[in-house]
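Here's the structure, in structure tokens; my notes come after.
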Amino acid sequence: DVFDATNCRERYTALPNSTGPQYYIDGDSKGCRTLHGQFAIINPQGHCAHLSFEPLADPNGEIKCQESQNRQVLELFTQDELDRFERFQIRNGIDPEIGHDLDTCAELNLWCSE
């Protein structure tokens, strides 16, 4: 069953963090789903479809987190936003070079719900 929480975790865990030689996060990756998961908290109608493992269009007909468009990080965020995010990570004890410990995220069940 594709909607089983265990299956969801296994499929998510098998994804790469990013894709391509420039570490794109707009493709079939944990990075894309993590980003859109945060967007979905504020706008579920617009972003929940992007979390799907199967291509699923959002209300605007956009399909995301499937095939990378090779978008660079600075096409998605300004340098100021990236700098603020790095300061946030440091303030919260997260090494910006490593990020979150995925085992801790899995223990907290941040990726899939029962």
Report, by chain and number, residues whose modeled amide H sits under 5 Å from the one on Tyr24, excluding near sequence neighbours (fewer than 5 apart, same chain).
Thr19
Starting from the Cα gyration tensor of segment 1-65, take the square roots of the eigenvalues, sort them a ≥ b ≥ c, and report rounded, prolate or oblate (rounded when a/c is under 1.5, otherwise prolate if a/b is larger than b/c, else oblate).
oblate
Convex hull around the C-alpha positions of segment 48-94: the volume in Å³ per residue is 120
Result for segment 37-89: accessible area per residue, probe 1.4 angstrom, in square angstrom, of 74
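The values are calculated or read from the model by the stated rules, or taken from the named source; none is laboratory data. Predicted model, so just to flag it, every value in this text is computed and none were measured. Ligands, DNA and RNA are excluded from the accessible area calculation, which covers all protein heavy atoms including side chains. Shrake-Rupley method; radii C 1.70, N 1.55, O 1.52, S 1.80 Å.
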